[in-house]
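Read through the structure below, which is laid out as structure tokens, and then see the notes.
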Amino acid sequence: MRRGGRRLLGPLTLRLAEAGLSVVMGPNGAGKTTLLRLLHGLERPQAGALHWPGGAHDALGRQAFVFQAPILLRRSVLANIAYPLRLAGASRAAARAAAAERAAEAGLGDHLDRPAQALSGGEKQKLALARALIRAPEVLLLDEPCASLDNAATRDIEAMLRRIRAAGTRIVMSTHDLGQARRLADDVIFLHAGRLIEAAPGAAFFAAPRTPEAAAHLRGDLLP
Amino acid sequence: MSPILDGLAQAARLLVSLDPDLLEIAGLSLRVSLTATALAAAIGLPLGGLLAISRFRARRATIAVLNALMGLPPVVVGLVVYVLLSRSGPLGVLGLLFTPTAMVIAQTIIVIPIVASIAHQALRDLWAEYHDLLLSLRASRGQRIATLLWDARRALLTASLAGFGRAIGEVGAIMIVGGNIDQATRALTTAIALETGKGNFALALALGFVLIALAIAVNLAVHTLSRTERDSRW
């Protein structure tokens, strides 16, 4: 994918397994966000194609995305979580009931009527996650969800992600946090300068990375 | 200074005694301008929304023209509407000339660009914020516009009040298409023009103060009903 003459990502060939949690890793500017946005249909590649079982249109409708900086509507917490159901045609009452349940699961049960903009950073991201889950997506994409959160909020989000993974949702997330990657990854997709350097199961990747760039990144070196 | 004080005193007298002529004139002003604003909002707000989310080649030119139409001279609008509604004009069969309906039509045309332009700018800013989310949630075009309109309602209310202000203070268009006929199409602004022409400055000023008070009252009522400035975060 190119923008303004610069190649952001590719050429790249990637095959995602059907289950588990993949972590997309790499230094800043590696193309992690671009990859996730391509997978979600927010960007279109200049060349190449994405293949989903069942066809793209169907698949994209069963995905959900959590942005790095949560995008919240200027409404209450409850209204935000209920919004995707309202888009799908649910009645106001039904949508709000379902939203209340999700909010409680995310620990936001006491904040239902507060304006979403008034929440703390961690609470906003939990709200975004609850909203993303309300239509029971098959695939959940997250772009550095814990980037600006404190440890407590990060723990909460990771716990929610483990629950979702156990329930069978396919998760693809990017992160900067090596510790988080170790904690969560079933498999790792390592990018650098828009290219796929290594894709391997999590344990293998962290124990013995096969490429020098990956090894350097895990050591904490800055890559060129 | 003295005519102004006389004017204030006369305004107070007219209001306190609920002068029937005043009530009629003020009532007509309100009816015409509120109706025109409501119609202009019904057309202009969704139009602003559509413009905010659409991408087409002539977009910049369209917005520039819309903004420019805010400065459309009301008297010219009145003239064009007059020509259209006159007996020899295309819409003459409707017999609307010199009626309050014609006044509403003219004012609606004047107000639509104001409401649509301000709405468009507010909605464009909000769209920049919501864009990725609404795309991600696969909202249809109609759903996007509806969401933007609802979430930006305070800014849209201001846009509508700006339109109302233009309408209630307007004199050129309604003078031409209404004719300032006593007991039929005489509004506050046209009455002021008439009384000033006759030299009744105190009465003209009185009507002017009533007009200003009316505009303030309408705005206060709207703000109170929509409960603005209630929370700490407005």
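Just a few scattered comments:
- Some residue of the stretch B:45-67 being within 14 Å of another protein chain (Cβ to nearest Cβ) and crowded, with 16+ Cβ neighbours inside 10 Å: no
- Selected residue [in a loop (DSSP other than H, G, I, E, B), open to solvent by 60 Å² or more (accessible area, probe 1.4 Å) and at negative phi] from A:Ala93, A:Ala47, A:Ala104: A:Ala47
- A:Leu60 being at the interface with chain B (Cβ under 10 Å from one of its Cβ atoms) and either at pLDDT 95 or above or in a strand (DSSP E or B) (or both): no
- Residue check for B:Gln121: away from every other protein chain (no Cβ under 14 Å), open to solvent by 10 Å² or more (accessible area, probe 1.4 Å) and on the phi < 0 side of the Ramachandran plot: yes
- Top-ranked residue in the stretch A:25-44 [being in a helix (DSSP H, G or I) and more than 14 Å from chain B (Cβ to nearest Cβ); ranked as surrounded by the most Cβ atoms within 10 Å (Cβ to Cβ)]: A:Leu35
- Among residues of the stretch A:206-220 that are farther than 15 Å from A:Leu196 by Cβ, those with a Cβ under 7 angstrom from a residue that is among the basic types (Lys, Arg), sequence gap 6+ or separate chain, pair up as A:Phe206/A:Arg182.
- Among residues of the stretch A:147-168 being under 14 Å from the mean Cα position of the chain (by Cα) and open to solvent by 20 Å² or more (accessible area, probe 1.4 Å), the one that is modelled with the lowest pLDDT is A:Ala147.
- A:Ala130 vs. criteria assigned to a helix (DSSP H, G or I), open to solvent by less than 50 Å² (accessible area, probe 1.4 Å) and touching a Leu at 6+ places or on another chain (Cβ under 9 Å): yes
- Condition check for B:Gly199: buried (at least 17 other Cβ atoms within 10 Å of the Cβ) and more than 14 Å from every other protein chain (Cβ to nearest Cβ): no
- Note on the stretch A:107-127: among residues that are basic (Lys, Arg) and in contact with a Leu (Cβ under 8 Å, 6 or more places away or on another chain), the one that is most open to solvent (accessible area, probe 1.4 Å) is A:Lys124.
- A:Glu138, sole failed condition from (1) open to solvent by less than 20 Å² (accessible area, probe 1.4 Å); (2) touching a residue at least 60 places away in the same chain (Cβ under 8 Å); (3) of a type outside the set (A, V, I, L, M): (1)
- Unmet criterion (only one of (1) crowded, with 22+ Cβ neighbours inside 10 Å; (2) more than 14 Å from every other protein chain (Cβ to nearest Cβ); (3) assigned to a helix (DSSP H, G or I)) for B:Ile216: (1)
- Pick from the stretch A:107-124, criterion in a helix (DSSP H, G or I) and within 14 Å of chain B (Cβ to nearest Cβ), ranking: farthest from the chain's Cα centre (by Cα): A:Ala118
- Evaluation of B:Ala155 against the conditions (1) within 14 Å of another protein chain (Cβ to nearest Cβ); (2) closer than 22 Å to B:Ile105 by Cα shows that the sole unmet condition is (2).
- Pairs where the first residue, in the stretch B:201-222, is in contact (Cβ under 8 Å) with a residue 40 or more places away in the chain and the second is aromatic (Phe, Trp, Tyr), C-beta under 7 Å, 6+ apart: B:Val218/B:Phe164
- Any hit, the stretch A:77-90, residues being open to solvent by less than 20 Å² (accessible area, probe 1.4 Å) and of a type in the set (Phe, Trp, Tyr): yes
- Members of the stretch A:63-90 that are in a helix (DSSP H, G or I), within 13 Å of chain B (Cβ to nearest Cβ) and of a type outside the set (Ser, Thr, Tyr): A:Ala79, A:Asn80, A:Ile81, A:Ala82, A:Pro84, A:Leu85, A:Arg86, A:Leu87
The values are calculated or read from the model by the stated rules, or taken from the named source; none is laboratory data. None of the values given here were measured: they were computed from a predicted structure. Heads up, the Cβs are rebuilt from the backbone with ideal geometry, glycines too, and the neighbour counts pull from every protein chain shown. What goes into the accessible areas is simple: the full protein's heavy atoms, side chains included, and nothing from ligands, DNA or RNA. Shrake-Rupley method; radii C 1.70, N 1.55, O 1.52, S 1.80 Å.
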